[in-house]
Amino acid sequence: MKYSVGFRNSVLRKVLPPENRPVAQVAREAGLSPVTINSWLSRLKDGKLSLDQEDGEPTPSQRPAVEKLKLLLQSRTVGADQKGEWLRQNGLHTEHLPLWEQELEGLVTDKQQELKKEVTELKKKIKQLEKEKQRDQKAMAEALALLTLKKKFEDLYGVEEED
């Protein structure tokens, strides 16, 4: 089975200094075989592995919100007995899921507040434009009335004004 780079590196950091925890203990906690961890350690000593994130795989906190949402939704479909294996495959720990849920709720709440503010501002702008429109319509009606009166005056008295 292939494990994510993030998961592998987190396991290796537990058995390496400064933690120096026993391989058997870390293997039990992670649900791995001690042979797997020892294999990773030997590859690390041979220079075939690196604890750096060279593979370009982001840490769980660096993942984009869309990916976090997909993983959260996917985690809901995984049974409790398969949850540990699914988490390892995706390079996650159980604490990531509730943290991501809170983070995404915060994003949605912030976005909702932003949209509400924008809607309020747009409503104010619409109201202002409606007032300006009414004022302009009144001014045009008044100008039309004045032009009509001027024309009637000219027609009645036959007087033309000089421009």
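The values are calculated or read from the model by the stated rules, or taken from the named source; none is laboratory data. Just so you know, these numbers come straight off a predicted model, no measurement behind them. Because the Cβ atoms are built from the backbone with ideal geometry, glycine has one as well, and the counts that use them run over all protein chains shown.
At a glance:
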| item | result |
| --- | --- |
| Residues that are touching a Gly at 6+ places or on another chain (Cβ under 9 Å) and on the phi > 0 side of the Ramachandran plot, drawn from the range 1-50 | Gly31 |
| Answer residue from the range 1-36, given it is surrounded by fewer than 13 Cβ atoms within 10 Å (Cβ to Cβ) and touching a residue at least 24 places away in the same chain (Cβ under 8 Å) and is nearest to Gly91 (Cα to Cα) among those | Lys2 |
| Given (1) of a type in the set (Ser, Thr, Tyr); (2) part of a helix (DSSP H, G or I); (3) touching a helix residue (DSSP H, G or I) at 6+ places or on another chain (Cβ under 9 Å), number of the condition Thr109 does not satisfy | (3) |
| Thr94 being at pLDDT 90 or above and hydroxyl-bearing (Ser, Thr, Tyr) | no |
| Test result for Arg88, touching a residue at least 60 places away in the same chain (Cβ under 8 Å), surrounded by 10 or more Cβ atoms within 10 Å (Cβ to Cβ), part of a helix (DSSP H, G or I) and not hydrophobic (A, V, I, L, M, F, W, C) | yes |
| Condition check for Ser39: more than 26 Å from the chain's Cα centre (by Cα), modelled with pLDDT of 90 or more and surrounded by 11 or more Cβ atoms within 10 Å (Cβ to Cβ) | yes |
| Of all residues in the range 70-85 being assigned to a helix (DSSP H, G or I) and among the small types (Gly, Ala, Ser), the one that is farthest from Thr36 (Cα to Cα) | Ser75 |
| Flag if Arg21 is modelled with pLDDT of 85 or more and among the basic types (Lys, Arg) | yes |
| The range 42-54, residues that are loosely packed, with under 13 Cβ neighbours inside 10 Å and not polar (S, T, N, Q) | Lys45, Asp46, Gly47, Lys48, Asp52, Glu54 |
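Residue by residue, here is whether (1) within 21 Å of the chain's Cα centre (by Cα); (2) over 28 Å from Leu12 (Cβ atoms); (3) exposed (fewer than 13 other Cβ atoms within 10 Å of the Cβ) holds:
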site: Arg76; (1), (2), (3): yes, yes, yes
site: Leu97; (1), (2), (3): yes, no, no
site: Trp100; (1), (2), (3): yes, no, no
site: Leu104; (1), (2), (3): yes, yes, no
site: Val108; (1), (2), (3): yes, yes, yes
site: Thr148; (1), (2), (3): no, yes, yes
